[in-house]
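Asks: Provided herewith is a single structure, encoded as structure tokens, for subsequent inquiry.
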Amino acid sequence: MNIALQTPPVSAKENPSSVGPEEGTPPNEFTKDVIAGLTAPQKTLPCKYLYDEAGSRIFEQICELEDYYLTRTEAEIFSSHLPDIAKELGTGVTLIEPGAGNCEKAEPLLAIMESPEAYIPIDISPEILLGARARFEASQPELLVRPVIGDFTQMDRWGDEEPGNRQVVFFPGSTIGNFTHQQAQNLLQHFAAQMAPGDGLLLGVDLVKDSVVLERAYHDDRHVTEAFNKNLLRRINRELGADFDLDAFSHRAFYHPLRQRVEMHLVSLKDQQVRVADLSIPFLEGESIHTENSHKYTLESLASLLNKAGFQQKHYWTDTNNHYVICYAEIF
Ligand code: AVJ
């Protein structure tokens, strides 16, 4: 196996907020974003900041919850249709995974794909990519793995690909749901700009469903999602010397049917002032900080998003409850 850790070229002209959540920005960026968010009329914090080390660990616990059907359902669809999916992707493909993390989802897929050319996981965490390398070395020694360290939303290109190789972008986990429709379209167009006609996109997306099921997934009875949400305040206390009282805020998650998204908020339980950096931020009782959106799609709204971004849907696979979809599309 061959590993080239590379730092991607980052475009200075590009405005990262135009394509949505990104990770790995330096602390001064964090301070600026927190202050801007907490001084806006509707207080808000970018959801990318939920994933510090503690937050990422709590998110892994969320994925194992009975109430959080997404991870389990996506895994079920993959395991029932893996040969089909691999056949759809084709032969000699370079698989690119933006925000790959531990690369666990790509591993069985690459094992069954026909003569994959290479695997390019992209993530801001070098440690996690190097950990994945060790696993691939043992399980698929003949596969060329070329991790790229960086923020995929700000990347102009993800490597020096041999021209002519088919590329498939792998974007599972309903990560696309964190982006508004416009941001999602921008992100997919950004992917498309680095692809050629006939190149593919394998996308995992959570579907619109009964609001009770949706709300339980984001307000689990073990309060793990509450801990995930409040960890953001703990992080701001630690990194920005703020004095949020975690007991003076409550976790709220609700489905907004018109926007077709679950919104996560932290609601102030009383009138209070919170010191953040050099500011005193006033909260009214009941006032919220909007911390995350998780957009849900229908098969139609997903096809329309793909079309607007220059992709045509080729195939999709769902679970028996139609809770989740894995979709394969190609650039036309
Ligand atoms: C990682 C964005 C797919 O929106 O379901 C889980 C994040 N937030 N519980 C989601 C999340 C609260 C998750 N995504």
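Just so it is clear, none of the values below were taken in a lab; they were calculated from the coordinates. This one's a predicted model, so the numbers in the text were calculated from it and none came from an experiment. Positions of Cβ are backbone-derived with ideal geometry, glycine not excepted, and every protein chain shown enters the neighbour counts.
Asks: How far is helix 53-63 tilted, in degrees, relative to the longest principal axis of the Cα atoms in the chain, given as a value from 0 to 90 rounded to the nearest 10?
Replies: Approximately 70 degrees, to the nearest 10.
Asks: Another question about this same structure. Amide H to amide H, which residues 5 or more places from L207 or on other chains are under 5 Å from it, using H placed in the peptide plane?
Replies: Hits under the 5 Å cutoff: Y297, Y324, V325.
Asks: Can you give the FRET efficiency to the nearest 0.05 for R238 and L130, using r as the Cβ-Cβ distance and R₀ = 30 Å?
Replies: Computed FRET efficiency for R238 and L130: 0.70.
Asks: Let me ask another. Of all trypsin sites (Lys or Arg not before Pro) in segment 217-261, which ones are in loop regions per DSSP and have a Cβ with at most 15 other Cβ atoms within 10 Å?
Replies: R222, R259
Asks: Which whole-Hz couplings ³J(HN,Hα) result when phi for each residue of segment 259-273 is put into the Karplus expression 6.51 cos²θ - 1.76 cosθ + 1.60, θ = phi - 60°, listed in order with x for Gly and Pro?
Replies: Calculated HN-Hα couplings, in order: 7, 6, 8, 8, 10, 10, 9, 10, 9, 5, 8, 7, 5, 7, 10 Hz.
Asks: Where does the chain land at 222 nm, in deg cm²/dmol rounded to the nearest 500, when only DSSP H runs of n ≥ 4 count, each adding -39500 (n - 2.57), divided by all residues?
Replies: Helix contribution divided over all residues of the chain: -10500 deg cm²/dmol.
Asks: Using DSSP to call loops (not H, G, I, E or B), can you name the GluC sites (Glu not before Pro) in segment 110-157 whose Cβ has at most 16 other Cβ atoms within 10 angstrom?
Replies: Of the GluC sites (Glu not before Pro), the ones in loops of segment 110-157 whose Cβ has at most 16 other Cβ atoms within 10 Å are E142.
Asks: For I281, what residues show an amide H to amide H distance below 5 Å, using hydrogens built from the backbone and excluding near sequence neighbours?
Replies: Under 5 Å from the amide H of I281 lie the amide H atoms of V274, R275, V276, each far enough along the sequence or on another chain.
Asks: Here is a further query. Kindly put L269, L232 in sequence by how many other C-beta atoms sit within 10 Å of each C-beta, fewest to most.
Replies: Least crowded to most crowded, the residues run L269, L232.
Asks: Then there is this: Using θ = phi - 60° and the Karplus form 6.51 cos²θ - 1.76 cosθ + 1.60, what ³J(HN,Hα) does each residue of segment 83-89 get, whole Hz, x for Gly and Pro?
Replies: x, 4, 5, 4, 5, 4, 5
Asks: Okay, next question. Can you compute 3J(HN,Hα) from phi for each residue in segment 44-50, using the Karplus curve 6.51 cos²θ - 1.76 cosθ + 1.60 with θ = phi - 60°, rounded to whole Hz and x for Gly and Pro?
Replies: 8, 9, x, 5, 4, 6, 5
Asks: Can you spot the lysines whose alpha carbon is less than 27 Å from K209's alpha carbon? Ignore those fewer than 8 places along the same chain.
Replies: K48, K105, K230, K296, K308, K314
Asks: Residues with amide H under 5 Å of I96's amide H, sequence separation 5 or more or different chain, H placed in the peptide plane at 1.01 Å from N; which?
Replies: Under 5 Å from the amide H of I96: I120, V168, V169, F170.
Asks: Here's something else I'd like to know. So how far, in whole Å, is the C-alpha centre of segment 108-147 from the one of segment 255-296?
Replies: So the separation of the two Cα centres works out to 39 Å.
Asks: Let me ask something additional. Helix 299-308 against the longest principal axis of the chain: what's the angle in degrees, Cα atoms only, rounded to the nearest 10?
Replies: 80
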